[in-house]
Each structure stands twice: as C-alpha cells, then as structure tokens.
Amino acid sequence: MKATICALIDNPGEVELAESWIEKNREKLTFISDMNACGCCVMGWNIEGPDEIVSTLPNHISAGSEWSSS
C-alpha cells in the first residue's frame, strides 16, 4: 500500500508525529522517500509498505497525491 505523509510545521507536534511514525515503522516499510516538500512550512514523504502498517498512519498527517493514488 502506498501513502503520502504531509506534516504542517505550524501545527504543533505534527512534524514530530510524522518523523516518529516513520522511525517506528522504518523496518516494516518497503519504501520511504526523502523528504519531498518545501521544508519551510510543510514536510512530506511518500511511503509504501504492508496494508496493516500503512493503515496505522494517523489521518491528519495522511495526504492524497499522485504517488498514493497510483
């Protein structure tokens, strides 16, 4: 399953949540992109892994993208 993570820097704790979720699941994910957003206001990553892992991604840091819908 593919997904896109989008964390807004202005939302307290959102970037930390995204980074900690990635670190917690790093060994189980089959793909983690480099951070691919501007980095000044948004941080984003494309990920891929088993449905049971990716489905635990919190909804408020999950985003739609060309990657996640392909």
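The values are calculated or read from the model by the stated rules, or taken from the named source; none is laboratory data. All values derive from a computational prediction rather than experimental measurement. Methodologically, a virtual Cβ is constructed for each residue, glycine included, from the backbone with ideal geometry; neighbour enumeration extends over all protein chains shown. Quick note on the areas: whole protein, heavy atoms, side chains included, nothing else; ligands and nucleic acids left out. Shrake-Rupley method; radii C 1.70, N 1.55, O 1.52, S 1.80 Å.
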Residue check, S70 part of a loop (DSSP other than H, G, I, E, B), open to solvent by 60 Å² or more (accessible area, probe 1.4 Å) and modelled with pLDDT under 95:
yes
Note on G13: of the conditions (1) touching a residue at least 24 places away in the same chain (Cβ under 8 Å); (2) of a type outside the set (A, V, I, L, M, F, W, C); (3) open to solvent by less than 60 Å² (accessible area, probe 1.4 Å), unmet is (1)
Pairs only if they're at least six apart or on different chains, beta carbon under 7 angstrom, first in segment 23-36 and open to solvent by less than 80 Å² (accessible area, probe 1.4 Å) and among the aliphatic types (A, V, I, L, M), second part of a loop (DSSP other than H, G, I, E, B) and modelled with pLDDT of 95 or more; list them, first residue then second.
L29/G49; I32/R26
Residues that are surrounded by 16 or more Cβ atoms within 10 Å (Cβ to Cβ) and either at pLDDT below 95 or within 14 Å of S62 (Cα to Cα) (or both), drawn from segment 37-52:
A37, V42, M43, G44, W45, N46, I47, E48
